[in-house]
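Inspection log for the structure reproduced underneath, given as structure tokens.
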Amino acid sequence: MQLRSTRKRKMSTSSDLSVGIGGFGAIGMAVGRALDAGEIPGMFLAAVSANNQSAAAARMAHYSRKVPIIELAALAEHSDVVIEYAPAAVFRSVAEAAVDKGCIFMPLSCGQMLDHMDLVDRAKETGARIVIPTGALLGLDAVRGAAEGSIETVTMVTRKPPGGLAGAPHLVENDIDVSNLSEALLVFEGSARNAVKGFPANVNVAVALSLAGIGPDRTTIQVWADPAVTRNTHTIKVEADSVRFEMTIENVPSKANPRTGALTPLSTIAALRGLVQPLKVGT
């Protein structure tokens, strides 16, 4: 990776990578704890950003090393790697700063990338990398491999406990009540692009799937509110010239945020580890 001279010293093999976390909720805290505990050799926590700075400070009270709590856009000044999990309204500020500085930018609310794909071209100029973790999904390696050939269709069916969908913009705008369901209700069917607009906190995985495969407009998503499930469930079906497959994953919802799977922070930690490990498994 070609980097600007201002980044070369920090990105050299002789020094650890500094990590900034934008958003210190369930995911940010889990990743921060792993970094503070030294569980990712070759990386260290440099800074965090949070709406509630006093709460973030309390969450880091037992950390071995105190780090500054700063504005989102300032993370790039302190970090080689910037992790984002922040409200949509501020996505551009943290993403653009990271890309302009030549950082490795890791957007967890990756649905926002669809409205900011110009950042990919900007990253080519600055030497930045945009790395989207797999998150609470599976099979992206197979989808990416199939995309090197010809993929005909990619579909995903998501089933979530109704409480995990409550408050989603699509439900509010269409006056869909999922609070007292006795059976599964199909609340959305359409493209991945439209799915993430209607469920920005629920189906970022649909965007990751679409970017790995045939794009957000050709990837079809169903979202079900299902009182019979206790886990966030995604079933992916792919038809391609090289392969046909169907996969299902059942994610335990995060205790801190039922809209997020407990696998998501673990996937983020694995993605970070893959940046520095001498052996990386998977495409």
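The values are calculated or read from the model by the stated rules, or taken from the named source; none is laboratory data. This one's a predicted model, so the numbers in the text were calculated from it and none came from an experiment. Cβ sites come from the backbone with ideal geometry, for glycine too, and all protein chains shown count toward neighbours. With ligands, DNA and RNA removed, areas are computed over all heavy atoms of the protein, side chains included. Shrake-Rupley method; radii C 1.70, N 1.55, O 1.52, S 1.80 Å.
Mean residue ellipticity at 222 nm, helices only, the chain: -9000 deg cm²/dmol; runs of at least 4 DSSP H residues each add -39,500 (n - 2.57), and the sum is divided by the number of residues.
Can you tell which of Glu183, Glu39, Glu96 shows the greatest fluctuation in a Gaussian network model of the chain with Cα springs below 10 Å? Looking only at Glu183, Glu39, Glu96, the biggest GNM fluctuation is shown by Glu183.
Can you tell me, using C-alpha contacts under 8 Å and at least 6 residues apart, the relative contact order of the chain as a whole percent?
Values: 573 pairs, mean separation 52.1, N = 283.
The normalised contact order for the chain reaches 18 percent.
Between Ala166 and Ser15, the distance separating the two model label sites (each 7 Å from Cα on the Cα→Cβ line) works out to 4.8 nm.
What relative contact order, as a whole-number percentage, does segment 109-234 give when Cα pairs under 8 Å and 6 or more residues apart are counted?
Numbers: 193 pairs, mean separation 48.4, N = 126.
38 percent.
The alpha carbon centroids of segment 162-195 and segment 67-104 are separated by 31 Å. The local environment of Gly22, defined by Cβ-Cβ distances under 10 Å, has a net charge of -2 under the rule Lys, Arg +1 and Asp, Glu -1.
If the chain between Asp118 and Asp217 were fully stretched, how many nm would it gain, using 0.36 nm times the residue separation less the Cα-Cα distance?
Details: separation 99, 0.36 × 99 = 35.64 nm, distance 1.75 nm.
Working it through step by step, the gained length comes to 33.9 nm.
In plain terms, the chain from Arg144 to Glu173 could stretch by 7.0 nm, reckoned as 0.36 nm per residue minus the Cα-Cα distance. Carbon-plus-sulfur accessible fraction, the chain (probe radius 1.4 Å, protein heavy atoms only): 50%.
Please report the net charge: other residues with Cβ closer than 14 Å to the Cβ of Ser242, K and R +1, D and E -1.
On the way: positive: Arg144, Arg244; negative: Asp141, Glu148, Glu152, Glu239, Asp241.
In short, -3.
In plain terms, if you count all Cα to Cα distances in the chain and split them into 5 Å steps from zero, the share in each step is 1, 6, 12, 16, 18, 17, 13, 10, 5, 2, 1, 0, 0 percent.
Percent relative contact order of segment 161-212, based on C-alpha pairs within less than 8 angstrom and at least six residues apart? Normalised by residue count, the contact order of segment 161-212 is 37 percent.
Net charge in the neighbourhood of Lys66 (other residues with Cβ under 13 Å of its Cβ; Lys, Arg +1, Asp, Glu -1) is +1. Length gained on full extension, Arg244 to Val281: 11.1 nm, using 0.36 nm per residue less the C-alpha separation.
Based on the Kirkwood approach, the hydrodynamic radius assigned to segment 69-140 is 12.2 Å, with every pair of different Cα atoms included. Pairs from the table (Lys66/Lys280; Lys66/Lys197; Lys101/Lys255; Lys160/Lys255; Lys124/Lys280) lying more than 26 angstrom apart at Cα are Lys66/Lys280; Lys66/Lys197; Lys101/Lys255.
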